[in-house]
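Worksheet for the structure shown next.
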There are 2 protein chains.
Amino acid sequence: MTSPADRTPARPGRRHLLRAGTLGAGALGVGAAGVGLGRSLGAPSAPADSAEEASTHWAPYGGPTVPFHGVHQAGIETPAPASATLLALDLREDVDRDGVLRMLRLLTDDAARLTRGEPALADTEPELSSEPASLTITAGFGPGLMSRAERPAPDWLAPLPAFGIDELEEQWSGGDLLLQVAADDPLTVSHAARMLLKDARAFTTPRWGQTGFRRSPGVVRPGSTLRNLFGQLDGTANPAPGSEHFAKVVWIEDGPFAGGTSMVVRRIRMDLDGWDEADRGARDAATGTRQDDGAPLSGGDESTPPDFEKVSANGFPVIGEFSHMRRARGVDDGEHQEIYRRPYNYEHAPAPGSGLLSEAGQVFVSFQADPLTQFLPIQRRLDELDLLNQWTTPIGSAVFAIPPGCAEGEFLGQSVLE
Amino acid sequence: MTSPADRTPARPGRRHLLRAGTLGAGALGVGAAGVGLGRSLGAPSAPADSAEEASTHWAPYGGPTVPFHGVHQAGIETPAPASATLLALDLREDVDRDGVLRMLRLLTDDAARLTRGEPALADTEPELSSEPASLTITAGFGPGLMSRAERPAPDWLAPLPAFGIDELEEQWSGGDLLLQVAADDPLTVSHAARMLLKDARAFTTPRWGQTGFRRSPGVVRPGSTLRNLFGQLDGTANPAPGSEHFAKVVWIEDGPFAGGTSMVVRRIRMDLDGWDEADRGARDAATGTRQDDGAPLSGGDESTPPDFEKVSANGFPVIGEFSHMRRARGVDDGEHQEIYRRPYNYEHAPAPGSGLLSEAGQVFVSFQADPLTQFLPIQRRLDELDLLNQWTTPIGSAVFAIPPGCAEGEFLGQSVLE
């Protein structure tokens, strides 16, 4: 929810939050305690590291709550839960600056309620609101929203440049407003997303929606790296949530978006049928890692730093020059950028007549303080050369500015748009 | 997995199973113990009601296993897990009886492995097989498969008659072979479904696939009735798994399919936008129950039998004559049939330009010994008159014959097709 090393943006609402106590540690503690709850569901009361860290909603069932209000928005540094829906909406033509602010007030109010496990204000199915299951709701702004709200957009807030590997489809790209709705339960996500869509209905039309999945609570050790549909551990080199390093990589330091971040969404189709035909050697060579344990081909385990200098007996680099990991890390260009990846798998049942066994891939989501200096160089290198490109195709792309979190009584984006 | 009152079909493989011990109680116990695990994940060893009830795969993570072999197939009487994919496949034209049997041997072998948490035989991502999470794989036969295998189909194995409310789409209907893949984790389901599709690829083409969700483990009390996307408790009057009554309703007693059942799959589109406009009174009148606690309008709680005779002060029945519950129960026709419902919710993000907030509904699944005498009369009554029809539209329909379970060394359907 927030980083331990809070760099205090000079805004009253935010100062108020920081005065309220050790929100940083507390909010992070809830994330950790949420994991703890997963281990002890069914106990009359779940243990928390301290009473202060307990959420307002804490029961044998229903799952924990993640605080909505805070210095940063939830859904970024908080653990990625099992189920997520990303919704991109376009503002209706007649919506002006006042309309945008009114809509954000409505959305913020209901998002706060839903994440507490309470019904939305005009909830027609309040029964579906009582299991928050670590629900988080994160809002992001596209360039269209900033312009409609008559406020300057960050210079990086624009579609990414075209890449050679892209086969972008309009139906998965762009958008004025992004809502990331995520929880450890798919019915919770479905209901919350619908309540927010209803709030936004008078102001927006749906542009695209993407739904993805990670592991259900309790199925893998909390904090485990996600496996994607290729079977690869995906996200190994992520900065650790809660660390100062994470804060440096992810949070914007200055300007109106201080305490916010940028979000890149890429819909990446994965050719599972083609991947089937690659043997383990070809797969590992393409990634530069071992599929089974995620260790770099230079040895060790998933957490061992790769040795890019290591050569085989016949003089070739053990981690190939065109391998995904080597290209992503930029070792051969003397560069090194970092982003925080928080992806979801997607898979649709085979479309009739498609001949495919399924349509599958990854809803790639990354957060970084500046997409131009962090995400873009990595993507450029991968676009140039990356063996994995044989089996992956970006079919959607969008960039959003994520405003900082808000305090109670404020609305999401208030500090940015006021 | 099986009923406590085992009616022994006179087949060697099945007798062998029954000789092997109290499989009935044991298998059911695993279901219950699985729920227990959900409550105590993270403990070094999870408590089971007795040692005999522990499954072969039992770890802090990965989730429990549900035995694949047994008198009945798993995935019917066992608790419905969080995530399911239903796949309907059509046999390729050149597949003869031998091909059908060969395919079923392959599928059975891999289904048994995957449900144990082991990789499929030609598993290219064995890493995705190690979390069974209560995985069950259930196979059903359409009329096409029975005919190709040169064996007579049960007389009820045919498409349901057309109903006035139907708007069936070919892409969601029929099929020669049905695979129901369900687990408490969506990645487990995705991988298992793919492995089975690969096994079947040489013999079949995909006809349709449907994916649905229930609650994640630990989010609601085990055994709770599922809420559908209308917010209603759905499945209240189900016979209790493990009861003699369940066995009577679900399992076929005689003939080649003894120990098996029939499966009706209906894809029911739910008009959530229209439902939004109905107030609580109109909703409850349509169902005959209270949305909040599922109690009949005649009073009590979810488990209270409805009093269809009760009238209001002005003489009208409290549970309206056209209400869903009254029509489903057949009280006014002097009929009463029962089925076992095991549905999943579905929702797709809004399609661009559709104007809808989402495409949503229910993958209705029911099991009953005879669809003609059990499912059909209920559906006929609902087709004639049911206030709920205003908001629901069947868009897919299929009937499958579910063969009994098999013993180790046998293949699914062996007793039926040999």
Worksheet item: What list do you get for A:W251, B:W391, B:W172 if you sort them by fewest beta carbons within 10 Å?
Response: B:W391, B:W172, A:W251
Item to complete: List the distances, in nm to one decimal, from the label point of A:T205 to the label points of the same position in every other copy, shortest first, placing each label point 7 Å from Cα along the Cα-to-Cβ direction.
Response: 3.6
Response to the item:
Among residues of chain B, the one whose beta-carbon sits nearest the axis that rotates B onto A, given with its distance in integer Å, is B:S216, 2
Discussion item. Quick check: pseudo-label points 7 Å beyond the Cα along Cα→Cβ at A:L372 and B:D96, how many nm apart are they?
Written reply: 7.0
Practice prompt. Give me the number: length gained by fully extending A:E170 to A:R280, i.e. 0.36 nm times residue separation minus the C-alpha to C-alpha distance, one decimal in nm.
Written response: 36.1 nm
Discussion item. Using Cβ counts within 10 Å as a stand-in for footprinting exposure, how do B:L135, B:L187 rank, fewest first?
Written reply: B:L187, B:L135
Practice prompt. Work out the mean other chain Cβ neighbour count within 10 Å for the residues of A:181-194 and drop it here as an integer.
Written response: 5
Response to the item:
A correct fewest-to-most ranking of A:E277, A:E338 by other Cβ atoms within 10 Å would be A:E277, A:E338
Response to the item:
Per residue of B:124-131, other chain Cβ atoms within 10 Å number on average 6
Discussion item. Taking a virtual spin label 7 Å from the Cα of B:R105 along the C-beta vector, which residues in segment B:376-412 bring their backbone nitrogen under 15 Å of it?
Written reply: B:409-412
Discussion item. For segment A:284-418, what does the relative contact order come out to in percent, with C-alpha contacts under 8 Å and a separation of six or more?
Written reply: 18
Item to complete: Could you name the aspartates and glutamates whose alpha carbon sits less than 14 Å from that of A:K248, not counting residues in the same chain fewer than 8 places away?
Response: A:D6, A:E77, A:E338, A:D370
Discussion item. Explain nothing, just compute: Karplus ³J(HN,Hα) = 6.51 cos²θ - 1.76 cosθ + 1.60, θ = phi - 60°, for every residue of segment A:91-107 in order, whole Hz, x for Gly and Pro.
Written reply: 5, 5, 4, 8, 8, 9, 3, 4, x, 4, 5, 4, 4, 5, 5, 4, 4
Practice prompt. Using a cut-off of 14 Å between beta-carbons, work out the net charge of the residues near A:L388 (Lys and Arg +1, Asp and Glu -1, A:L388 not included).
Written response: 0
Worksheet item: Across peptide B:70-82, how many C-beta atoms of other chains are within 10 Å of each residue C-beta, on average?
Response: 1
Practice prompt. May I ask for the distance between the Cα centers of segment A:211-266 and segment B:275-306, given as a whole number of Å?
Written response: 43
Worksheet item: From the backbone phi of segment A:317-329, what are the Karplus-calculated ³J(HN,Hα) couplings (6.51 cos²θ - 1.76 cosθ + 1.60, θ = phi - 60°) in whole Hz, Gly and Pro given as x?
Response: x, 5, 9, x, 5, 9, 5, 4, 5, 5, 5, 5, 7
Worksheet entry | In Hz, Karplus ³J(HN,Hα) per residue of segment A:117-129 (6.51, -1.76, 1.60; θ = phi - 60°; x = Gly, Pro) | x, 10, x, 5, 4, 10, 6, 8, 10, x, 5, 8, 9
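Read-outs: derived from the displayed coordinates by stated rules, not from any lab. Owing to the predicted nature of the structure, the values given are computational and were not obtained by experimental measurement. When we count neighbours, we look across all protein chains shown, and the Cβ atoms used for this are built from the backbone with ideal geometry, even at glycine.
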